Amino acid sequence: MKSDAVKAVVTGGASGLGESVVREIVRRGGKAAILDISDEAGARLEKELGGSAVYCRADVASEAEVIKAIEHAASLFGGVNTAVNSAGISPAARTAGKKGPMDLALFERTVRVNLIGTFNVIRLAAAKMLANEPDGDGERGVIVNTASVAAFDGQIGQAAYAASKAGVVGLTLPVARDLSDSGIRCVTIAPGIFDTPMMASFSDEVRASLGASVPFPRRLGRPDEFAAMVMHVIENSMLNGETIRLDGALRMAPK
């Protein structure tokens, strides 16, 4: 798909990696709906980017809210042909410790947002894409998910997060196969340590140490590098059913 033909819904699009994707889509001539629950940041980004972006408040795990957001985006853009799943949470808690077992509600919430929310957007966006006219390759749409290297190298305290992201990795191929006859691709990106707002809470010393743990380049990833990978997936029709690690050869230690 050509970048200037993109009509996307981007979850978590008001900040971090999602915001970088929204900005890159618009920069390349496409349009993007910002699906998030951060009203102030979403409205600010919508205003900055003008008519090529729209903020739609939506909890990714809510069927009604995601349907409403996709319908709104489609009405403004003349359809939806791209979905980028970037929304997620990353709480940390050990499976069991001196204070007892992990709070089951924390595990459930993490899976609900990161895995169920991702699949909710996938299924609803894909259903909308079925109405699209196929391009020369027979393509009607593309779905790009965000996992994490924690899906493979989960650290201490990451049981909930790693399980939710491993679920995203696990659904990638069967979803791609499910949607192949309809000309809709599904690809997942598993980023390593990226310089997002979450990292801003760490000291310069901690940030430098984290960056130094990456084999090469020996630094934190930049959000624009993640956005560039998303755009490559969108533009390269042969990429399908795959999870791509974007991590500078990083393999996470236990802690």
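The values are calculated or read from the model by the stated rules, or taken from the named source; none is laboratory data. For clarity, every value in this text was computed on a predicted model and none was experimentally measured. Reconstructed Cβ throughout: ideal geometry from the backbone, glycine too, with neighbour counts over all protein chains shown.
Residues of segment 222-242 that are part of a helix (DSSP H, G or I) and among the aliphatic types (A, V, I, L, M): Ala227, Ala228, Met229, Val230, Met231, Val233, Ile234.
Could you go through segment 94-113 and let me know if any residue there is more than 20 Å from Pro174 (Cβ to Cβ), modelled with pLDDT of 95 or more and in contact with a strand residue (DSSP E or B) (Cβ under 6 Å, 6 or more places away or on another chain). Within segment 94-113, not a single residue is more than 20 Å from Pro174 (Cβ to Cβ), modelled with pLDDT of 95 or more and in contact with a strand residue (DSSP E or B) (Cβ under 6 Å, 6 or more places away or on another chain). In segment 118-221, counting only helices (runs of 4 or more DSSP H) that sit wholly within it, the ones holding 2 or more residues that are loosely packed, with under 14 Cβ neighbours inside 10 Å span 159-179, 204-212. All conditions but one from (1) closer than 24 Å to Phe107 by Cβ; (2) surrounded by fewer than 17 Cβ atoms within 10 Å (Cβ to Cβ) apply to Arg251; the one that does not is (1).
So, restricting to helices (runs of 4 or more DSSP H) that lie completely within segment 15-85, which ones have at least 1 residues that are surrounded by fewer than 24 Cβ atoms within 10 Å (Cβ to Cβ), without any contact (Cβ under 8 Å) to a residue 24 or more places away in the chain and among the polar types (S, T, N, Q)?
Passing ranges, in order: 63-77.
With respect to the conditions (1) at pLDDT 95 or above; (2) under 30 Å from Ile156 (Cα atoms), Glu40 falls short on a single one, namely (2). Evaluated against (1) under 30 Å from Gly29 (Cα atoms); (2) touching a residue at least 40 places away in the same chain (Cβ under 8 Å), Pro254 falls short on exactly one condition, (1). Scanning segment 209-222 for residues that are out of contact with any Lys or Arg (no Cβ under 9 Å at 6 or more places or on another chain) and closer than 18 Å to Val21 by Cβ yields Gly221, Arg222.
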